[in-house]
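The values are calculated or read from the model by the stated rules, or taken from the named source; none is laboratory data. Since the model is a prediction, treat every value here as computed from it, not as a measurement. Glycine also receives a Cβ, built like all others from the backbone with ideal geometry; neighbour counts cover every protein chain displayed. Remember, those area values only see protein heavy atoms, side chains included, never the ligands or the DNA or RNA. Shrake-Rupley method; radii C 1.70, N 1.55, O 1.52, S 1.80 Å.
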Amino acid sequence: DASDQVKFRDLFDSFDTDRSGTLEVGELAQLVSQLVPGVSAAEVRYVMAMLDSSGDGHVTQQEFLAAAK
């Protein structure tokens, strides 16, 4: 759904605080902790591993949107 894509892009952009076009682990941790209060650091690392399909340590908007589907 196109409107969901826009919502997920906006969500991604709101947590990409350094405007790098990727979410580093600290930015991802903020996003995850807003969605799941009390999330542990280990759980954030797990989410990072799941979203970071390229394994480069950053989650791109494309990776984020692919996981959101």
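At a glance:
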read-out: Segments 23-33, 39-49 sorted - mean Cβ within 10 Å per residue, highest first; value: 23-33, 39-49
read-out: Which label in [x] 22, 16, 6; [y] 45, 14, 5; [z] 18, 14, 12 gives the computed semi-axes √(5λ) of the Cα gyration tensor in Å; value: [z]
read-out: Accessible surface of residue 10 - all protein chains present, 1.4 Å probe, nearest 10 Å²; value: 90 Å²
read-out: Dipole magnitude of region 2-68 about its Cα centre (Cβ charges: Lys, Arg +1; Asp, Glu -1), debye to nearest 20; value: 140 debye
read-out: Cα-based helix-to-principal-axis angle, 2-15 vs the chain, degrees rounded to 10; value: 40 degrees
read-out: Between 0 and 90°, nearest 10: helix 25-35 axis offset from the chain longest Cα axis; value: 80 degrees
read-out: Sulfur and carbon atoms: percent of accessible area, the chain [1.4 Å]; value: 56 percent
read-out: R0 of 25 Å, Cβ-Cβ distance residue 4-residue 33: FRET efficiency to nearest 0.05; value: 0.70
read-out: Mean residue ellipticity (222 nm) of the chain, computed from DSSP H runs ≥ 4 via -39,500 (n - 2.57), nearest 500; value: -19500 deg cm²/dmol
read-out: Over the chain, relative contact order from alpha-carbon pairs under 8 Å, at least 6 apart, %; value: 33 percent
read-out: For the chain, accessible area per residue (1.4 Å probe, heavy atoms of protein chains only), Å²; value: 63 Å²
